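Taking it in order: structure first as structure tokens, then the write-up.
The values are calculated or read from the model by the stated rules, or taken from the named source; none is laboratory data. Since we're looking at a predicted model, the values are computed, not measured. For neighbour counting, all protein chains shown are included, and Cβ atoms are generated from backbone atoms with ideal geometry for every residue, glycine included. Areas reflect the complete protein model, heavy atoms only, side chains present, ligands, DNA and RNA absent. Shrake-Rupley method; radii C 1.70, N 1.55, O 1.52, S 1.80 Å.
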Amino acid sequence: MRMLSGATRSSITERYALLAPDGLVPSNVPGWQNTICQIVIAPQMGARFTQMLCTLDPTSTGEGITDDDEWFVFVETGSISLRYRTVADLGELHHVTLTAGGYAYLPPGAFYHVSDAHAATRLLTFERYYTPHESDDIKLPDVVLGNEADVPATPFMGDDGAMLKLLLPDTPAFDMAVNIFTFQPGTTLPMVETHIMEHGLLMLQGGGIYRLNNDWHPVQHGDVIWMAAYCPQWFVATGKTPARYIYYKDVNRHPMHF
Ligand code: UGY
Ligand code: MN
């Protein structure tokens, strides 16, 4: 149908971006076949990482080499087979099945191959340059495999209406965190956060109002948000169901070494 109004909730600014699903456009991404890849956050926007949404079917395949980067994949819906090898294990090829809620983190120097997707599979990926720790005692992170269903949630700053899961170990080897937040209706972030960490976010369920810099935006399932360093941010969950989002954050490095 022809669009008459030209209206969209998407808004791209210097300090943040909100991308509503209706405006997303696929790209041909090297390594991915028969897959709809939407690059939703990228350095071209001002970000220091890349976030991608990939829709797969049983004919889809995807592969890559992390090189100096690190790669995180989260199965939003469906399931995949993931084969990977790392430099640390002398090139042995590992094979795991990731179902909905499943995730994998691969450090630099890894190879990955995705196949055997269920018909309705959507993946979220985060990729960025891995910043080595200043201390030679801190080695590269290990591979992490898990499912968010097995990760315990803890109240955020004492509020059990806002439960937080950390999907990656909170140790100095990791320069990225990926967390899932669940907000009961009416719950807010306890303050307008203004911090050095950058975020890339995907709304997994429900909705609310996101304050981004000096603007307030209604957001819902499927929306993507980029928040630059020091972008003031605040959220309230609205509606009758809990709101859930998964987000990336850069952590554990000196500001001069990112
Ligand atoms: O981890 C965080 O900085 C988180 N509280 N930010 C957010 O949800 N916008
Ligand atoms: Mn934050």
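If you filter the stretch 146-167 down to residues that are more than 16 Å from ligand 2 (Cβ to nearest atom) and aliphatic (A, V, I, L, M), you find that the one that is farthest from Val251 (Cα to Cα) is Ala149. For beta carbons closer than 6 Å, sequence separation of 6+ or different chains, a first residue in the stretch 166-192 that is closer than 16 Å to Leu106 by Cβ and a second that is part of a loop (DSSP other than H, G, I, E, B) and among the hydroxyl-bearing types (Ser, Thr, Tyr), the qualifying pairs are Asp175/Thr131. Of all residues in the stretch 176-233, those satisfying the criterion of being among the charged types (D, E, K, R) and away from ligand 2 (no atom under 11 Å from the Cβ) are Arg211, Asp215, Asp223. When Lys165 is tested against (1) open to solvent by less than 10 Å² (accessible area, probe 1.4 Å); (2) in a strand (DSSP E or B); (3) not hydroxyl-bearing (Ser, Thr, Tyr), just one condition goes unmet, and that condition is (1).
When restricted to residues that are out of contact with any helix residue (DSSP H, G or I) (no Cβ under 8 Å at 6 or more places or on another chain), open to solvent by less than 10 Å² (accessible area, probe 1.4 Å) and in a strand (DSSP E or B), the stretch 220-245 contains 8. Inside the stretch 168-185, residues that are within 20 Å of Gly101 (Cα to Cα) and either open to solvent by less than 10 Å² (accessible area, probe 1.4 Å) or within 14 Å of ligand 1 (Cβ to nearest atom) (or both) make up a count of 10.
If I filter the stretch 104-130 down to residues being farther than 16 Å from Glu76 by Cα and either free of Cβ contacts under 8 Å to residues at least 24 places away in the same chain or under 18 Å from the mean Cα position of the chain (by Cα) (or both), which single residue comes out as surrounded by the most Cβ atoms within 10 Å (Cβ to Cβ)? Steps first, please.
Here is the first cut: in the stretch 104-130, the ones farther than 16 Å from Glu76 by Cα are 106-113, 127-130.
Filter once more, keeping what is either free of Cβ contacts under 8 Å to residues at least 24 places away in the same chain or under 18 Å from the mean Cα position of the chain (by Cα) (or both): 106-108, 112, 127-130.
Details: Leu106: 26, Pro107: 21, Pro108: 18, Tyr112: 20, Glu127: 20, Arg128: 23, Tyr129: 14, Tyr130: 21.
Looking at residues that are farther than 16 Å from Glu76 by Cα and either free of Cβ contacts under 8 Å to residues at least 24 places away in the same chain or under 18 Å from the mean Cα position of the chain (by Cα) (or both), I get Leu106.
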